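The values are calculated or read from the model by the stated rules, or taken from the named source; none is laboratory data. This structure is a prediction, so every number in the text was calculated from the model and none was measured. So basically every Cβ, Gly included, is an ideal-geometry build from the backbone, and we count neighbours across all protein chains shown.
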Amino acid sequence: MKLFLLATILLLCVPPLNTCKTVLRVKKRAMEHACQTHRSHFEGHIRKMSFPDLEGIANFFIGKALSLTGIQIFDVKLPNMKVNLVPGVGVQVTLESSLHIKGILLFANVDIKVDSGITADVSVTKTSGGLPLLKVSACKSALGQIQVTASGINLISPMVSAIQGHIHAMISKQLCLTVSNVFVDANVNLQLMCANHINEHFELQYNVPTPPVVKNDYVEMNMYAQYKVEERVLELPTGAQEFTLPPPDASAPDSMVTMAIPRDFFSSIFAALHTSKKFSLTIPASTSSLINELKTSYVGSYIPEISRKYHESLAVGIKISLSQVPVVTFQSSQLAIQLTSSVELFAVSPRSGNEHMLTFSVGVTLAAKLDVSVDKLKISVSIQKELSVSLASSSIGQCGCTSSSVSGYMQTVFEKAYLIHINEVLSIGVALPALPNMNLIQPVFDIKKDYAVMSCDVQYT
């Protein structure tokens, strides 16, 4: 049911500036799976239908009118549920129901059984505040034969007809309204999907500015993502990127959901983390993974000028910060992130504190691995190429160090400390446009020229 709601969104608020586009495609079988999984939602609403007592049932045997009281639905079964996609109309849901109703007539229990069929066309509008609003635009119901039996009393034909007429009128009046209420209640979940996804690094909000395209086998919609850092809208590093997702390829994975994620979506993630200074790192001299490397005697083996300045080995502290926004590219079917960092080396003197030694500009290209956990996009990175190192400033006088002489040391620092820090920052994940209690499972990623395609199935909890 929840994935069905996601697939039927037609309008949301108009996208604000500085948004990046994604394309979401939901297969017909995904919506069928959602309805089958959440049939209890329909059954529960139908079971709550209420019936007034039926007064004045003629009984010629005892010579007075009787009343059928305590009428309530005892059991509901939905043996068949179907979803059809109708281009130009929307999503059509067909239900077959079997109702078992009970009541009391005089001193006898009356059992009433009736089958029905319901067909509902579901469209979506939006509230004045820009939130999605599900509506059943058309609904029709058809009732089968109504069977009436009683224990301990003979029901003559006029009595049966009166009960049948009452039940028929009540069910016909309420059934479509009840099914409509299922979708009305579902609006809460839709609003949760559109609410801000807040983590310790940034805020992310999705919206759908235009009606989806309804095909025979899938529903496709554009979704826009907006990032905020400290309540300020993030400027896209490369500007909004327009693209279209080609029709499904026969060789593509037969997944329930496909989402196309462009370069500027990933660029925005790294730009948000850069803006919030999450990629900055101070490496204290006590860092256990670099216990040997954080000494002037060790650094001096790469840069002799340090050994000449510090005859007694001192502890070394390092500060790393990004000097520009990370650059995201798609290279050879892989997502690559280029970082340009400033790396400052300090000698930690017990007498004078931190003494600046050298500052290097270090460029590194990271290869990203993509995954999905529950409803979040997970990114982890590894170093793809050798580091590019150049001297930016020196406080120890003329330094004859070269890129080749220092790159080995920087490689060690990045692998043992900075790369670990970056992956810890990224491990919090990025919320994808999923509904509550819906997990995205078995993801497969395919990197295209301008975007990444995620194909996955869904699981409900």
*With respect to residue 428, determine if the residue is of a type outside the set (Lys, Arg), assigned by TED's automatic domain parsing to the domain that holds residue 266 and over 23 Å from residue 321 (Cβ atoms).*
no
*Meets criteria (without any contact (Cβ under 8 Å) to a residue 40 or more places away in the chain and among the hydroxyl-bearing types (Ser, Thr, Tyr)) for residue 307*: yes
*Sole residue being surrounded by fewer than 18 Cβ atoms within 10 Å (Cβ to Cβ), at pLDDT below 95, on the phi > 0 side of the Ramachandran plot and in the same structural domain as residue 448 (by TED's automatic domain parsing), chosen from 313, 307, 333, 301*: 333
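To keep it simple, each residue is scored yes or no on (1) in contact (Cβ under 8 Å) with a residue 40 or more places away in the chain; (2) out of contact with any Lys or Arg (no Cβ under 6 Å at 6 or more places or on another chain).
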{"residue": "234", "(1), (2)": "yes, yes"}
{"residue": "256", "(1), (2)": "yes, no"}
{"residue": "286", "(1), (2)": "no, yes"}
{"residue": "289", "(1), (2)": "yes, no"}
*Does region 342-363 include one or more residues that are in contact with a Lys or Arg (Cβ under 9 Å, 6 or more places away or on another chain), surrounded by 15 or more Cβ atoms within 10 Å (Cβ to Cβ), closer than 30 Å to residue 257 by Cα and among the aliphatic types (A, V, I, L, M)?*
no
*Sort out for me the strands (runs of 3 or more DSSP E) sitting completely within region 353-459 that have 2 or more residues that are over 25 Å from residue 266 (Cα atoms).*
353-373, 388-394
*Per-region count, region 442-461, residues touching a residue at least 24 places away in the same chain (Cβ under 8 Å) and farther than 23 Å from residue 222 by Cβ*: 3
*From the set of residues in region 1-57 that are touching a Lys or Arg at 6+ places or on another chain (Cβ under 8 Å) and modelled with pLDDT of 90 or more, which is nearest to residue 162 (Cα to Cα)?*
43
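Of all residues in region 207-217, which are crowded, with 22+ Cβ neighbours inside 10 Å and in contact with a Pro (Cβ under 7 Å, 6 or more places away or on another chain)? First the steps, then the outcome.
Step one: of region 207-217, the residues crowded, with 22+ Cβ neighbours inside 10 Å are 207-208, 212.
Selection gives 207 alone.
For residue 46, state whether it is part of a strand (DSSP E or B) and among the hydrophobic types (A, V, I, L, M, F, W, C).
Values: part of a strand (DSSP E or B): no; among the hydrophobic types (A, V, I, L, M, F, W, C): yes.
So residue 46 fails the test.
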*Among the numbered criteria (1) β-branched (Val, Ile, Thr); (2) farther than 30 Å from residue 439 by Cα; (3) surrounded by fewer than 17 Cβ atoms within 10 Å (Cβ to Cβ); (4) modelled with pLDDT of 90 or more, which single criterion is violated by residue 374?*
(2)
*Would you please name the residue that is nearest to residue 211 (Cα to Cα), looking only at residues in region 98-124 that are touching a residue at least 60 places away in the same chain (Cβ under 8 Å) and of a type in the set (A, V, I, L, M)?*
124
